[in-house]
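The values are calculated or read from the model by the stated rules, or taken from the named source; none is laboratory data. Just so it is clear, the structure is predicted and the values come from calculations on it, not from any experiment. Cβ placement follows ideal geometry from the backbone for every residue including glycine, while neighbour counts extend to all protein chains displayed. The protein model used for the area step is the full one, side chains on, heavy atoms only, and it has no ligands, DNA or RNA in it. Shrake-Rupley method; radii C 1.70, N 1.55, O 1.52, S 1.80 Å.
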Amino acid sequence: KRKFVMERLVKCLEKAYTISTQFLEKPGDELSFLKRTMTMQNDGRLTIQVHHTHVQHLCDLLKLNPKLQNKKTPGHADMDQVDETKDLTQVQATTFRTCVGVLLYLACDMPHCQHVVRYLATYSTRPSEKSMVVLRHLVAYLASHQELCVSLKWRGRNVGVYHNYDNLEPGECVLEVFTDSDWASDRGSRRSISCATIFMGGCLLFSASRTQKLVSLSSAEAEVYACSSGTSDAILLSRLVSWMTGKRTVIWLYTDSSGARGILQRRGVGRLRHLSCRILWLQALVETGTVKLSSIAGSMNPADVGTKRLPAPRMRSLMSTLGRSEEHTSELQSRETISYAVFC
């Protein structure tokens, strides 16, 4: 509410910082913040467009013509193969690291690219010829999809991605956490990839694609790591939301792994003693109701977008669920939302 922003949030910040405030209140209102253009649309959506100079800068570094690029997905086909190529020269390696730095800054607004950016970041110390090929492919994809922008449409505190939550107390909010993992997907280190996507009111608040620090011995173990990582993020966000609303925030954790759900719904660690701390912590949250555990079909899990390289149809399907649109931010008329992910 505007009253909360002006009387509590702004005054609290002004005690420690010098700040300025702007408001988006009616269709056509627009402001810029951190090189992002935010526009209020006629249908109530808030669109957030990353400044085109970032992509142009990447193209200049790699000597690519943005007008000649036409890639359908952000991930290159060679990503899944063992890297046996030579190291880059010192000049090429410097260019590679500069590009990765720009991509890491942009990644929060590009959930559909986070898996590839995570992959490239692992080569920052020792870039290879293969990693440069993957980098050029990603930048070419970004250059050919510059009209993509974040599209946020608030649906209500009790509205989820796939269904509503009707048993909430007045004023309570729901955070939906979707997690997924790709077991032992790194053919070099055999470490797994985790992804978490966190929604509130149908809007994606946070997403992350991470390489797991340990080698998981089973797919269920990898899924438990993903659940733990996503839950940790959700707990922080839930406390922030509760502070803003003054009401309790309920966390719903969704995973498509029956093995992970079985581990988290029972007591004790069983045979997985090396996971004791992580399992017992999450088991306790589930048992006390702090985190409500539920299942979701793998085909509907939006967190799949950050765990592996996906074919174009699958990528478009997940991005449509996550809510990213393609439109000119100067136009107020909404256009057909085409698949892609949202990050706020």
(message) Quick test for you: out of Ile279, Ile198, pick the one residue that is part of a helix (DSSP H, G or I) and either touching a His at 6+ places or on another chain (Cβ under 9 Å) or β-branched (Val, Ile, Thr) (or both).
(response) Ile279
(request) Hey, could you check segment 59-70 for residues that are without any contact (Cβ under 8 Å) to a residue 24 or more places away in the chain and outside any helix (DSSP H, G or I) and say which is farthest from Val133 (Cα to Cα)? (result) Asn65
(request) Please enumerate the residues belonging to segment 89-113 that are farther than 17 Å from Cys59 by Cβ, open to solvent by less than 20 Å² (accessible area, probe 1.4 Å) and of a type outside the set (A, V, I, L, M). (result) Asp109, Pro111, His112
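One line per residue, one yes/no per condition, for (1) open to solvent by 10 Å² or more (accessible area, probe 1.4 Å); (2) modelled with pLDDT under 90; (3) closer than 29 Å to Pro111 by Cα:
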site	(1), (2), (3)
Ser232	yes, no, yes
Arg239	yes, no, yes
Gln265	yes, yes, no
Asn301	no, no, yes
(request) Scan segment 1-50 residue by residue and report those that are in a loop (DSSP other than H, G, I, E, B), open to solvent by less than 70 Å² (accessible area, probe 1.4 Å) and of a type in the set (Lys, Arg). (result) Arg45
(request) Tell me which residues, restricted to segment 71-88, are farther than 15 Å from Ala143 by Cα, open to solvent by 50 Å² or more (accessible area, probe 1.4 Å), in a loop (DSSP other than H, G, I, E, B) and not acidic (Asp, Glu). (result) Gln81, Val82, Thr85, Lys86
(message) For segment 150-189, give me each residue that is part of a strand (DSSP E or B), of a type outside the set (A, V, I, L, M) and either modelled with pLDDT under 90 or within 19 Å of the chain's Cα centre (by Cα) (or both).
(response) Ser151, Glu176, Phe178, Thr179, Asp180, Ser181, Asp182
(request) Could you grab me the full set of residues in segment 201-225 that are among the aliphatic types (A, V, I, L, M), in contact with a helix residue (DSSP H, G or I) (Cβ under 8 Å, 6 or more places away or on another chain), open to solvent by less than 10 Å² (accessible area, probe 1.4 Å) and assigned to a helix (DSSP H, G or I)? (result) Val224
(request) Take segment 146-186 and flag every residue that is open to solvent by 60 Å² or more (accessible area, probe 1.4 Å) and among the small types (Gly, Ala, Ser). (result) none
(request) Give just the number: which of (1) open to solvent by less than 40 Å² (accessible area, probe 1.4 Å); (2) at pLDDT below 95; (3) not in a loop (DSSP other than H, G, I, E, B) does Gln56 not satisfy? (result) (1)
(request) Please identify the pairs in which a residue from segment 71-86 that is β-branched (Val, Ile, Thr) has its Cβ atom under 9 Å from the Cβ atom of a residue that is at pLDDT 90 or above and open to solvent by 50 Å² or more (accessible area, probe 1.4 Å), counting only partners at least 6 apart or on another chain. (result) Thr85/Glu129; Thr85/Val133
(request) Spot the failing condition for Ser294; the list is (1) surrounded by fewer than 16 Cβ atoms within 10 Å (Cβ to Cβ); (2) modelled with pLDDT of 60 or more; (3) assigned to a helix (DSSP H, G or I), and only one is missed. (result) (3)
(message) Let me confirm something: among Phe23, Phe96, Phe33, which residue is closer than 15 Å to Ser131 by Cα, among the aromatic types (Phe, Trp, Tyr) and free of Cβ contacts under 8 Å to residues at least 40 places away in the same chain?
(response) Phe96
